[in-house]
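Notes follow the structure.
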Amino acid sequence: MLFQLLHLDHIVLRCTSLPPMQAFYQLLGCTLERSLPELGLYQFRAGEQLIDLISVDGELGQQGGAAPGVESHNLAHFCLRIAPYDAVALTAFFIEQGIQVSASAVRYGADGFGPSLYIQDPMGNTVELKGPPDTPAVKR
């Protein structure tokens, strides 16, 4: 094999309104690492990975076609691994913040089967928050 895939590096989300998106990801614990306003690019640290927010009106965002909305999204969802995972406390926190939250369920992810729940950011992107695995993944 020419290369080995190591891990997810970053995702890029196109946004029609940056301020609520920036506030949402900061609420999740992400920190602004780098910004290039001339390009409409704001990069937030999410653990070892980055979440890039780009304005649909910026140089980079204009390259992606129509803006995301109720009928069009840039992706199905992405998953952030979190610790600790307390479904009751997480649900109460997000409801208090005015964010709808799904029921917690056991789902499969990179680390194996474990609990997770879903929320949506202000642009309608679904974010899965995943706790530690109950059953480790079978890594090949």
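If R0 is 25 Å, the Cβ-Cβ spacing of ILE99 and THR31 corresponds to a FRET efficiency of close to 0.80.
Along its principal axes, the chain has C-alpha extents of 48, 45, 29 angstrom, given from the largest down. Summarising the strand pairing of the chain, around 70 percent of its internal DSSP beta bridges are antiparallel.
Relative to the dominant Cα principal axis of the chain, helix 18-27 is inclined by about 20°. With q set to 0.13 Å⁻¹, the log10 of I(q)/I(0) for segment 18-81, from the Debye formula over equal scatterers at the Cα positions, is -0.37. Amide H contacts of GLY109: GLY114, each under 5 Å away and 5 or more positions distant or on a separate chain (H built 1.01 Å from N in the peptide plane; Pro and chain starts excluded).
Ranked from highest to lowest mean number of other Cβ atoms within 10 Å per residue, what is the order of the peptides 114-125, 9-20, 88-99?
Output ranking for 114-125, 9-20, 88-99: 114-125, 9-20, 88-99.
For the peptides 57-64, 33-40, 127-134, the ranking by mean Cβ contacts within 10 Å, running from highest to lowest, is 127-134, 57-64, 33-40.
May I ask for the percentage of alpha-carbon pairs in segment 85-124 that lie more than 12 Å from each other? Tail fraction, whole percent: 60.
From helices alone, the chain scores -4000 deg cm²/dmol at 222 nm; the rule is -39500 (n - 2.57) for each run of n ≥ 4 DSSP H residues, then divide by the residue total. Rounded to the nearest 10 degrees, the angle from helix 87-96 to the longest Cα principal axis of the chain is 30 degrees.
Values in this text are rule-based calculations from the coordinates and carry no lab data. Source: prediction; values computed, not measured. Using ideal geometry, Cβ is built from the backbone for each residue, glycine included, and neighbour counts are taken over all protein chains shown.
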